[in-house]
Amino acid sequence: MWTEKTMLRIPGPTPIPPRVVHAMGTPMIGHRSGAFSNLLVQVSEELKPIFGTKENVYILTGSGTSGLETAVVNAIAPGEEVAVIVTGSFGDRFAKINEKFGITTHRLDLEWGKACTPELLASFLDQHPQVSAVFATYCETSTGVLNPVDQLAKVVKEKTDALFIVDGVSCLGAVPCKMDHWGIDVLVTGSQKALMLPPGLAFIAASQKAWDKIESNPRPRFYLDMVAYRKNYEKETSPYTPAVSLIFGLREVLQMIKEEGLEEIVNRHEIMKEMTRAGIKALNLPLLAEDQYASPTVTAIANCPRYDSEELRKILRTKHNLVLAGGQNHLKGKIFRIGHMGYCDASDVLITLSLIELALTQLNVSIELGKGVKAAQEVLLQYV
Ligand SMILES: *Cc1c(COP(=O)(O)O)cnc(C)c1O
């Protein structure tokens with residue numbers, strides 16, 4: 001098996017474009033140099049359209065979770081209560097971070113695979129009008145659900161004075177996002193999902209309303225103190241040594257995004273989602289998320305009695321060099337997930353579906369070879 005040909009179709013980390021790998025090998029520079037200041041300002045500016053904000057986007061050294069923790073420790077003061085929408089394992093993580101800090105956390109727990117509707121959030125906030133923040137996950141990676149954060153933001157504004165804090169780690173850069181216009185107060189993402197970089201960077205932006213809160217929040221924090229990031233950014237630098245090489249890579253990614261265009265990128269992901277779902281449906285395999293709330297970046301295939309999903313993944317990995325993701329928490333061993341974000345296109349989806357058909361046949365599941373691929377090709381034909 002050629003490891004350099006391994007097809008990594010998991011929802012993060014995702015494959016890195018060769019030109020980004022190359023850019024990360026740029027000779028090191030000092031992070032207090034003018035060259036680094038120019039680099040930092042350039043990439044920070046170019047991240048704004050991905051967030052849909054005029055606010056500054058700050059770059060942290062850490063995985064996506066460092067961004068989630070940053071949101072909590074900066075925006076929530078001691079003694080405050082919060083609401084967390086839990087549609088899967090990453091909503092659960094946001095709740096756990098709050099709970100670890102001793103923050104009274106009201107969980108809006110939904111069945112995994114379902115999205116949070118504005119109606120559900122509205123009635124939940126009627127019961128908890130005192131919360132000072134509402135946390136949501138834009139794409140719930142563990143289930144492939146894209147929560148309607150634009151509509152949820154409206155509900156938060158109507159029902160409370162709370163901050164609306166969103167985890168966009170597994171979809172920003174692949175889906176529409178209008179942080180300012182929708183009314184998201186804190187938005188977080190990470191490097192290793194749709195942004196085509198290795199793990200190691202987190203990105204965070206905050207609204208004016210959130211900044212007022214952050215600046216006056218007495219909760220202790222040091223490495224993840226957003227005020228330190230803000231003050232240093234005014235001097236075109238960062239408080240601590242940043243991951244310079246990853247930021248060289250980020251500059252290249254942002255160049256690629258500029259070349260393709262954000263709108264085109266959103267379309268590409270939309271097409272990959274539709275192809276994947278059409279193919280899976282044609283094979284009569286069950287999808288976990290409903291069409292209306294399906295994420296353009298990851299598709300989860302629900303539990304199916306016709307095969308063992310771990311066996312299927314094993315054949316794909318060992319015989320066909322294709323890596324898919326399993327389920328998390330209680331869905332472990334029950335579902336499998338296809339990541340289709342970042343450096344990934346329609347051809348990759350066709351290969352993936354074709355290999356899934358092959359592996360199912362090897363497992364003696366009765367399917368018609370080519371049926372899923374054909375359905376996906378028919379979707380693609382509408383766009384090419
Ligand atoms: C991947 C991911 C994270 C971050 O996880 P890390 O392992 O810390 O990078 C957070 N939220 C969501 C929705 C994710 O998909």
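Is it the case that LYS54 is part of a helix (DSSP H, G or I), modelled with pLDDT of 95 or more and charged (D, E, K, R)? I'd like the intermediate steps shown before the answer.
Numbers: part of a helix (DSSP H, G or I): no; modelled with pLDDT of 95 or more: yes; charged (D, E, K, R): yes.
The answer is no for LYS54.
Selection within the range 156-186: residues that are within 11 Å of the chain's Cα centre (by Cα) and not β-branched (Val, Ile, Thr). The member of this set that is surrounded by the fewest Cβ atoms within 10 Å (Cβ to Cβ) is LEU172.
Could you please let me know if LEU224 is open to solvent by 10 Å² or more (accessible area, probe 1.4 Å) and either in a loop (DSSP other than H, G, I, E, B) or outside the structural domain of LEU68 (by TED's automatic domain parsing) (or both)? Please lay out each step first, then the result.
Values: open to solvent by 10 Å² or more (accessible area, probe 1.4 Å): yes; either in a loop (DSSP other than H, G, I, E, B) or outside the structural domain of LEU68 (by TED's automatic domain parsing) (or both): yes.
Yes; evaluated as a whole, the condition is true for this residue.
For the range 190-212: of the residues being under 17 Å from the mean Cα position of the chain (by Cα) and polar (S, T, N, Q), which is nearest to the ligand (Cβ to nearest atom)? First the steps, then the outcome.
The initial filter retains those residues of the range 190-212 that are under 17 Å from the mean Cα position of the chain (by Cα), namely 190-205.
Add one more test, that the residue is polar (S, T, N, Q), and what stays is 191-192.
Details: SER191: 8, GLN192: 6 Å.
By that ranking, first place goes to GLN192.
Looking across the range 168-189 at every residue that is in contact with a Phe, Trp or Tyr (Cβ under 6 Å, 6 or more places away or on another chain) and of a type in the set (Val, Ile, Thr), the one that is nearest to the ligand (Cβ to nearest atom) is identified as THR189. Looking at SER123, is it surrounded by fewer than 18 Cβ atoms within 10 Å (Cβ to Cβ), closer than 18 Å to VAL82 by Cβ and outside the structural domain of GLN292 (by TED's automatic domain parsing)? Taking the combined requirement at face value, the residue satisfies it.
The values are calculated or read from the model by the stated rules, or taken from the named source; none is laboratory data. Bear in mind that the values here come from a model prediction, so they are computed numbers and not experimental data. Cβ atoms come from the backbone with ideal geometry, glycine included; neighbour counts cover every protein chain shown. Heavy atoms of the whole protein, side chains included, go into the accessibility calculation; ligands, DNA and RNA do not. Shrake-Rupley method; radii C 1.70, N 1.55, O 1.52, S 1.80 Å.
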